[in-house]
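In what follows, a single structure is set out as structure tokens and then discussed.
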Amino acid sequence: MSISRSYNKQNNTTYVYEVIENYWDKAKKQPRSKRKLIGKIDPVTGEIVPTASRKKATDGKEADYKKLYESAQKEIAKKDKLIHELEELLREYLTEEMAFLLEVENTIKTRRNKAEALLRKQISRG
């Protein structure tokens, strides 16, 4: 494979790449290269300085999946408890509302019956 250099004007640095493959980009109608970053050129010595890898650092520790699972289970349990409490509150609210509506309905029926009775008396006297 070949090596290519690319100068970045913004930070005044020359990067060095290993060209893996050259190909023709049909959409842009120009040649392109697949390349891998090797490093950058030290402006003082002119030598290639390898750049750090971009892989995630694990600090030698593997993810503790058991702890992650347990913490997820605790969060789910909290949310389930909250949902249950909200459902109970909603039932209480609806029960109170239904009792109120039934009371209003009974009051309306009672007043209607009294009004009909008065109307009958007035008609019979009439």
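If we keep just the residues of the stretch 49-105 that are within 27 Å of the chain's Cα centre (by Cα) and closer than 30 Å to Arg5 by Cβ, which is modelled with the highest pLDDT?
Among those that are within 27 Å of the chain's Cα centre (by Cα) and closer than 30 Å to Arg5 by Cβ, it is Arg54.
Among the candidates Gly46, Gly39, which residue alone is at pLDDT below 90 and closer than 22 Å to Arg5 by Cα?
One residue alone meets the criteria, Gly46.
The values are calculated or read from the model by the stated rules, or taken from the named source; none is laboratory data. From a predicted model like this one, the values you see are computed outputs, not experimental measurements. Neighbour counts run over all protein chains shown; Cβ positions are idealised from the backbone, glycine included.
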